[in-house]
Amino acid sequence: MSGVGPDGVAGEPDDLGDITIPDDLSSLGGADAAPDLAVVLTQIAEATPLAALCSAAQVVADAVPTKVGAFAVLAERADGAPQEAVAALSTLIRGVPFVLVEKRGEQLAARRWQDGLPEDELAPGLVLGGAPEAIEDVLIGHASVDELEGVVASSSISRLKAMRMLTSAARKARKK
């Protein structure tokens with residue numbers, strides 16, 4: 001209990017027992033803590049174009065192919081880096097939704113992004129309901145990116161090469 005001192009000002013509790021309150025509360029987790037894992041789900045068909053997009057946006061990630069599109073496992077997760085990454089990616093390809101899935105402990109959170117801006121929060125169960133096994137395996141921890149086939153690191157594509165690839169793809173799309 002707090003007591004009132006002789007000067008009439010409330011004082012510190014008389015006895016905290018074995019309770020210790022850390023100066024830095026970031027270790028307690030919560031929504032502001034860096035996620036253990038951050039994955040960007042995309043409609044991009046293959047891993048190489050996604051890795052090129054990541055390189056062009058200066059996002060360090062491993063692009064993983066699946067039967068329904070590629071996803072990126074982000075390397076940087078501290079201090080809002082996943083949000084900055086998905087904002088940069090969705091800014092480069094306007095009109096296409098991206099989904100950022102973050103794992104903190106046993107909890108998953110998913111949010112749709114488009115045109116550089118966050119949109120709806122999504123139920124992770126619905127997002128992963130029809131997802132390929134590779135995405136689930138990575139998010140659950142049954143597989144690491146190193147164990148998957150066809151992974152392309154964004155660092156393996158120079159920014160200049162990435163820009164050429166994306167420009168070429170855009171030209172082909174306009175001709176159709």
**Report entry** Hey, Lys103 crowded, with 19+ Cβ neighbours inside 10 Å, over 11 Å from Leu41 (Cβ atoms) and not aliphatic (A, V, I, L, M) or not
**Finding:** yes
**Report entry** Residue satisfying all of: in segment 119-143; free of Cβ contacts under 8 Å to residues at least 60 places away in the same chain and touching a helix residue (DSSP H, G or I) at 6+ places or on another chain (Cβ under 7 Å); farthest from Ala47 (Cα to Cα) among these
**Finding:** Leu128
Query raised in the report: Of everything in segment 129-169 that's among the small types (Gly, Ala, Ser) and in a helix (DSSP H, G or I), which residue is farthest from Ala56 (Cα to Cα)?
Result: Gly129
Report task. Identify, by number, the condition in (1) surrounded by 15 or more Cβ atoms within 10 Å (Cβ to Cβ); (2) free of Cβ contacts under 8 Å to residues at least 12 places away in the same chain that Gly80 doesn't meet. Result -> (1)
**Report entry** Pair list, Cβ < 6 Å and 6+ apart or interchain, from segment 60-75 residues that are at pLDDT 95 or above to residues that are aromatic (Phe, Trp, Tyr) and crowded, with 24+ Cβ neighbours inside 10 Å
**Finding:** Val64/Phe71
Query raised in the report: Among the residues of segment 43-61 satisfying the criterion of being crowded, with 24+ Cβ neighbours inside 10 Å and not aliphatic (A, V, I, L, M), which is nearest to Val86 (Cα to Cα)?
Result: Cys54
Requested in this report: Give just the number: which of (1) buried (at least 19 other Cβ atoms within 10 Å of the Cβ); (2) over 17 Å from Ala134 (Cβ atoms); (3) among the polar types (S, T, N, Q); (4) touching a Gly at 6+ places or on another chain (Cβ under 8 Å) does Thr91 not satisfy?
Outcome: (1)
Report summary line: Going through (1) closer than 10 Å to Thr42 by Cβ; (2) of a type in the set (Gly, Ala, Ser); (3) surrounded by 23 or more Cβ atoms within 10 Å (Cβ to Cβ) one by one, Gly69 fails only at (3)
**Report entry** Enumerated strands (runs of 3 or more DSSP E) restricted to segment 39-119, each holding at least 2 residues that are among the charged types (D, E, K, R)
**Finding:** 98-104, 107-114
Report task. Give the residues of segment 150-176 that are surrounded by fewer than 16 Cβ atoms within 10 Å (Cβ to Cβ) and either in contact (Cβ under 8 Å) with a residue 24 or more places away in the chain or β-branched (Val, Ile, Thr) (or both), sorted by residue number. Result -> Gly150, Ser155, Ser156, Ser158, Arg159, Lys161, Met163, Thr167, Ala169
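The values are calculated or read from the model by the stated rules, or taken from the named source; none is laboratory data. Given the structure is predicted, the values throughout are model-derived calculations rather than measurements. Methodologically, a virtual Cβ is constructed for each residue, glycine included, from the backbone with ideal geometry; neighbour enumeration extends over all protein chains shown.
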